[in-house]
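Below: one structure, written as structure tokens.
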Amino acid sequence: MDQAKGKRYLIPRWLKIVVVMALTLFILSGCFGSNPNPESYAANSQLQGKKVKVEKVSKQKIAEPLERVAEVQASVQFSLLAKSEGVVQEVLKNRGEFVQEGDLILRLQSQDLQAQNQKMLIAVQDARDALNRAKEKAGKELSNNKVEMEYSIQKMTEKLDSITKKYNKIRNDFDVRLATRAQLEQAESEWKGASDDLAQLKRKSTLLNGTVSFPELEKVLREAQNAHDQSTQVLATLNITAPISGILTGVQMIQTGAAVKPNDVLGLIQKLDPIIIKANLPDEEAKLVRGKTELSYYLPGTKERNKVKINYLSDIMDPQTKTYELIIQVPNPDKGLKPGMKVLIQLTNSEELDVVAVPSYSIVKEGEDSFVYVLVNDTVEKRKVNMGRASDSYQELLSGVKEGELVVTSGQQQLVDKDKVQRP
């Protein structure tokens, strides 16, 4: 019986395990309580703020300076044209030589022009001789006429003196009634006639003292002289001289003895100081240059940058090349730049490339618009931005943010305007 009692109060092992597990669940339930309200949990998170990372807006070098290959060209160039037909007699300057204005480059020879000029010179001399002979002959005749005139004046003067005395005597006799009025009038008439004759002789004598002219002969001489002057000018065109100072090209094709005709190109002179640099810019590059007054250029392989003024940027696009013409005039006193050389023009400089930029991944796209979140105290502001150029990891912002502000770079996709946030 005692054994039966002992067996009745014995607790099985499996029951102990069940009881222990039940107690454990009860204790855990009492410690943690019931699950919290989801809305209450969200409100608590909102009060604490979302965790984000930020970066200060700063200036970044967005790219390397934009460059464009340009060609060096002469600022002015003149073609040396033959103005007359002839044969090359002598070449005095060669291709590549620098010539000064007025230097003799080559000399032509034309027997026809020289013969014509000589013929016209003879015509001038003949006309001059004819005029001189006429003047000499007229001079002799004039001298004889002057002698005759002087003699006539002398005789008329003597005659007038005699008539004057006779006239005065009759006047006196008339006063004392020894002469009649008819006698007085006759004497007075003779005196006036003699006086007029003497005056006329003196006028003729004055004319003889003037210059004797030969209009027809003088006209012939003028025409002959003009024709010879023109011929001499044509003859002078056989000497080909430099119209400007510069470098000579093309003359190597001209050989001594070569025949040339009018308007043949005998060479080319290119002015090297100043010289121009010319480039053709696509539309986007032209926009970068427009409004500037200066640009820098350099020779490939060198480090020296030279800043010069912009002379011309076309306002109208070339319909063939779809580009705008850019011309820069450069002082070139040492003739270091020569036509045909290539240089690099810097369309932008390092200052232009240091721009306000943010990490590209900080930008939130919504349709065609772009936004960033800017941290102000513990709140973010959603700002619309205008984007410019981009590098591998940074995006230029033209508006919307200022240098020194903080933009959200992590977690921005979960934000809305005026959200409170936490920084790590």
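Laid out as a table, the results:
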| quantity | calculated |
| --- | --- |
| The chain: most fluctuating residue of Asn172, Asn144, Asn280 per GNM, C-alpha cutoff 10 Å | Asn172 |
| Too-long pairs where the Cα-Cα distance tops 25 Å, listed order kept, from Lys93/Lys307; Lys309/Lys338; Lys51/Lys384; Lys307/Lys342; Lys271/Lys309; Lys56/Lys384 | Lys93/Lys307 |
| Loop trypsin sites (Lys or Arg not before Pro), segment 347-424 (other Cβ atoms within 10 Å of the site Cβ: 13 or fewer; DSSP) | Lys402, Lys418 |
| Helix 38-48 axis, angle to the chain major axis (alpha carbon atoms, nearest 10°) | 50 degrees |
| Estimated FRET transfer efficiency when R0 is 25 angstrom, pair Ser360-Asp318 (beta carbons, to 0.05) | 0.10 |
| On Cα atoms only, tilt of 181-208 relative to the major axis of the chain in degrees | 40 degrees |
| FRET E, pair Asp112, Ser213, Förster distance 41 Å, beta-carbon r, rounded to 0.05 | 0.65 |
| Label-point separation, Ser195 to Gln255 (7 Å along Cα→Cβ), nm | 9.4 nm |
| Estimated Rh, the chain: Kirkwood, alpha-carbon pairs, angstrom | 35.7 Å |
| Sorted by Cβ density within 10 Å, fewest first, the residues Glu381, Glu90 | Glu90, Glu381 |
| Relative contact order of the chain, defined on C-alpha pairs under 8 angstrom at six or more residues apart (%) | 29 percent |
| Label-zone membership for segment 282-316, site Asp334, 7 angstrom Cα→C-beta point, backbone N under 20 Å | 296-309 |
| Efficiency of FRET from Cβ geometry, Glu141 and Gln225, R₀ 25 Å, rounded to 0.05 | 0.40 |
| Crossing angle, helix 13-32 versus the chain [Cα axis fit, 0-90 degrees, rounded to tens] | 40 degrees |
| Euclidean distance between Cα centres, segment 370-408 to segment 113-182, Å | 114 Å |
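Rule-based calculations on the coordinates, nothing more; no lab input. Just so you know, these numbers come straight off a predicted model, no measurement behind them. Heads up, the Cβs are rebuilt from the backbone with ideal geometry, glycines too, and the neighbour counts pull from every protein chain shown.
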